[in-house]
Number of protein chains: 2
Amino acid sequence: MNGYSTATYRVFDEQADFEKKALGIAVGLTVGSWTELPETTKRRMEKHLGQVVSIDVHEPDSSGGDERYADITIAYPDINFSRDLPALLVTAFGKLSMDGKIKLLDLQPSGEFLSAFPGPKFGAKGVRALLGVHDRPLVMSIFKSVIGYDLEGLREQFLQQALGGVDLIKDDEILFENPLSPLEKRVNVCQEAAKQARETTGQQLIYFTNLTGPTFKLRDNAKRAIDAGANGLLFNVLAYGFDALAELAADPEIRVPIAAHPAMAGAVYPSPYHGIAAPLLLGKLMRIAGADLSLFPSPYGSVVMPKEENLAVRDSLLNDKLPQAPVFPVPSAGIHPGLVPLILHDFGPEVVVNAGGGVHGHPGGAAAGGQAFRQAVDAVRSGVSLEAYAETHPELRSAIQRWGVRTS
Amino acid sequence: MNGYSTATYRVFDEQADFEKKALGIAVGLTVGSWTELPETTKRRMEKHLGQVVSIDVHEPDSSGGDERYADITIAYPDINFSRDLPALLVTAFGKLSMDGKIKLLDLQPSGEFLSAFPGPKFGAKGVRALLGVHDRPLVMSIFKSVIGYDLEGLREQFLQQALGGVDLIKDDEILFENPLSPLEKRVNVCQEAAKQARETTGQQLIYFTNLTGPTFKLRDNAKRAIDAGANGLLFNVLAYGFDALAELAADPEIRVPIAAHPAMAGAVYPSPYHGIAAPLLLGKLMRIAGADLSLFPSPYGSVVMPKEENLAVRDSLLNDKLPQAPVFPVPSAGIHPGLVPLILHDFGPEVVVNAGGGVHGHPGGAAAGGQAFRQAVDAVRSGVSLEAYAETHPELRSAIQRWGVRTS
Ligand SMILES: [Mg+2]
Ligand SMILES: [Mg+2]
């Protein structure tokens, strides 16, 4: 439907007339009332009226083991809202979010709406271009600890990670502006460490500095970080709203990739009955808003997101259904080198292998940890088993001794 | 604990060792690791380490009818995060929000943290002062429909509402910048209508104009609205994050009250297993961030929030436990004049009686609808039953005939 953006909801109700419910949404979230309007008003209002696109009722089976719900898709006229994500979200899931057991499964904004969003400035492809790495998954590492560390402590951690040959290093999302490691000085010492490591590794490296502070200062803080030499930003999108990301990503002066952190996402996606589905929250909306990388819980750690949901997030980031450039999926938590074949099997080649404990917990230290990851990636690319590759690669061997190999 | 801000979580787990879990949170969300640190590092890190304050385990009864959970309170050192709400929320419920079945029940920021937040510029008291109304609950009304209406249509709706003697009129939260009723012109015609009504009613009136648009333009848009004559702003806080509200509320040029709309809150508060509890989300955080009024689902409509949760939201807005001024609670949805005694019984005198259908659906029109609400408020204040008062007040009589009186 041209000129309409659609939303799909899963509505749980033991006895509701879902036709009536759908109509109530289509009318209630647009023109407010319909049947009782005079004909002349109807003619004037018709272009503002929401439309019921589909209603897919799931009746519980006779065992009573599951629940009655319907997947309802409503089309909202673009004419009703402005070209920003808060407007779309408040229209489609503002008041409605509070209306019983209802989860927002998907949004399909119109082409016209989407055309207002330049999306990722780099995306997966652009990040590869910055690094000059086109033929393998990227490896990212996370500081072991950041709170309470001074500049020298962070520098040393950074250097060890960089020496391991990782492509990307990110701040912890809980590192805020603080006297021990203030933004510009932190960027400085870490970029110096990157330069030092480059003399050994010969590699490019992106450091994602955590962008924090008051909302209306985010743009200035981003530019301060960039002026100090930052070549990437980490951003807690959900604490500030998708529009802040969209505006940062669209700013021509913010010419570095942005990694979206999912902090607080667990308040929104996990319930089957409420909230916003993960593929939309951490996939499609991050991409429309312009994240270059999107982090989300991996299916391998102790904190799991079910694998099918994981892969749906990945698909939302990479598929060819949006005009915005594909975004690097970064499944995170519980990653060690012995998981690399499985990650590449599950996620394909366009993925960032991201680890914290799996780097720093390596018996040989963080540099060996990064090397073990790079070796694991090389093993998969060469079609060699990790065990075989480990015979000639001691860092990978230690990693496997420590964590094992997991193939499913 | 001086210098610490605490968070209380409800963690569901059939078999977890909750002591271990609590320690894991206290360490994991602060210094990252502890027991294995060298003593000298421990001494340096101690002031950054989170502390377990309490663990209250609820074991299921033998019937197996309920679930095993623990309420865990953790104290986070203020030194770890900056003085903004995204920093506090990401620290206390960033990564942790994704860690299984866990709900954030409460936050108790330290006095020092709270001192960074001026809170509501007006609050309940200040809004009363603006209106010159000190001896009764306020009455708010909502436009019947706004989408698809031109300025003349909105003006007429506004005038009828204002003629009914309501104190506050708010835009619909789904009214965005649009060619039919652009911000400044809308403010203009509505304030003209307010002036016209004042000649009849003799009353002050606050019109809450919906503040929308890109995040980094919110401040400018607020000032544009105020320059055009707006004397109140409605704001979809959760679409932009609490910090945007905090910065708007703290801006000395934004010298009008702000009503916080709960749009999208249903994605966050309703699940018992995930998200953020309503009294924190729509109560305490709105107050710290500086809302002057906070809207939330009433316990009376078809869309209900359980009454005890409602009253907990109200308490968070009004109690004397915060340095920030008390905020007007606005329980919304399903309100008609026959509910006024019950609302005042449940919520007490410091409440805004807010209605849409209960104003516009009055058989005598919106002006009569507003009058019926004012009469219902007067009846309660005089200690007279609605039925008795209605004998001499035809607008109230019609309302009662239409909707009845509900006393529990
Ligand atoms: Mg982290
Ligand atoms: Mg509304």
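The values are calculated or read from the model by the stated rules, or taken from the named source; none is laboratory data. Note that the structure is predicted; figures quoted are calculated from it, not measured. Cβ atoms come from the backbone with ideal geometry, glycine included; neighbour counts cover every protein chain shown. Just so you know, the surface numbers come from the protein's heavy atoms only, side chains and all, with ligands and any DNA or RNA stripped out. Shrake-Rupley method; radii C 1.70, N 1.55, O 1.52, S 1.80 Å.
With the Cα gyration tensor of segment A:232-327 in hand, convert its eigenvalues to equivalent ellipsoid semi-axes via √(5λ) and list them largest first in whole Å.
In descending order, the three semi-axes are 22, 14, 12 Å.
Just to be sure I understand: with springs between alpha-carbon atoms less than 10 Å apart, which residue in A:234, A:285, A:342 has the highest mean-square fluctuation in the Gaussian network model of chain A?
So, out of A:234, A:285, A:342, the one fluctuating most is A:342.
Enumerate the calculated ³J(HN,Hα) couplings along segment A:94-103 in order (Karplus 6.51 cos²θ - 1.76 cosθ + 1.60, θ = phi - 60°), each rounded to whole Hz, writing x wherever the residue is Gly or Pro.
Result, rounded to whole Hz: x, 4, 4, 4, 9, 9, x, 7, 8, 10.
Nearest 5 is fine: what % of DSSP beta bridges in chain B come out antiparallel, could you say?
Here the antiparallel bridges make up roughly 45 percent for chain B.
How big is the B/A interface in buried accessible area, both sides summed, 1.4 Å probe, to the nearest 100 Å²?
By this definition, chains B and A bury close to 5200 Å².
Which whole-number percent is the relative contact order of segment A:287-408 (Cα, under 8 Å, 6+ apart)?
Dividing the mean separation by the residue count of segment A:287-408 yields 23 percent.
State the percentage of accessible surface on segment B:4-114 attributable to carbon and sulfur atoms; use a 1.4 Å probe and exclude ligands, DNA and RNA.
Percent of accessible area from carbon and sulfur atoms in segment B:4-114: 49.
If the cut-off is a Cα-Cα distance under 19 Å, which lysines reach residue B:307, setting aside same-chain residues fewer than 8 apart in sequence?
List returned: A:95, A:101, B:284.
List, in order, the whole-Hz ³J(HN,Hα) value for each residue of segment B:168-183 obtained from phi through the Karplus relation with A = 6.51, B = -1.76, C = 1.60 and θ = phi - 60°; use x for Gly and Pro.
9, 10, 10, 4, 6, 6, 9, 8, 9, 4, 7, x, 6, 9, x, 2
Taking every residue in B:98-104, how many Cβ atoms of other protein chains lie within 10 Å of its Cβ, on average?
So the per-residue partner count for this stretch is 6.
Using only DSSP helix segments of four residues or longer, with each worth -39500 (n - 2.57), what per-residue ellipticity at 222 nm results for chain A after dividing by its residue count and rounding to 500?
For chain A, the value works out to -11000 deg cm²/dmol.
For the protein assembly as shown, with every protein chain kept in place, what is the accessible area per residue (1.4 Å probe, Å²)?
Roughly 36 Å² per residue, with all protein chains present.
From the gyration tensor of the Cα coordinates in the protein assembly as shown, what semi-axes in whole Å does the equivalent ellipsoid have, largest first, with each one equal to sqrt(5λ)?
They are 49, 27, 26 Å, listed from largest to smallest.
Residue by residue through segment B:17-34, what is 3J(HN,Hα) from phi via Karplus (6.51 cos²θ - 1.76 cosθ + 1.60, θ = phi - 60°)? Round to whole Hz and write x for glycine and proline.
Ordered by residue, 3J(HN,Hα) equals 7, 5, 4, 5, 4, 5, 4, x, 5, 4, 7, x, 8, 10, 7, x, 8, 9 Hz.
Could you work out, residue by residue across A:256-269, how many beta carbons of other chains sit within 10 Å of that residue's beta carbon, and then give the average as an integer?
6
Across peptide B:142-151, what mean number of C-beta atoms from other chains lies inside 10 Å of a residue's C-beta?
Per residue, the number of nearby Cβ atoms from other chains is 5 on average.
List, largest first, the extents of the alpha carbons of segment A:262-406 along their principal axes, each in whole Å.
Answer, in whole Å and largest first: 48, 29, 23 Å.
Using Cα-only point scatterers and the Debye equation, what is log10 of I(q)/I(0) for chain B at each q in 0.11 Å⁻¹, rounded to two decimals?
Normalising to I(0) and taking log10 leaves -0.83.
Given the protein assembly as shown, what percent of its DSSP beta bridges are antiparallel, to the nearest 5?
That works out to approximately 45 percent antiparallel.
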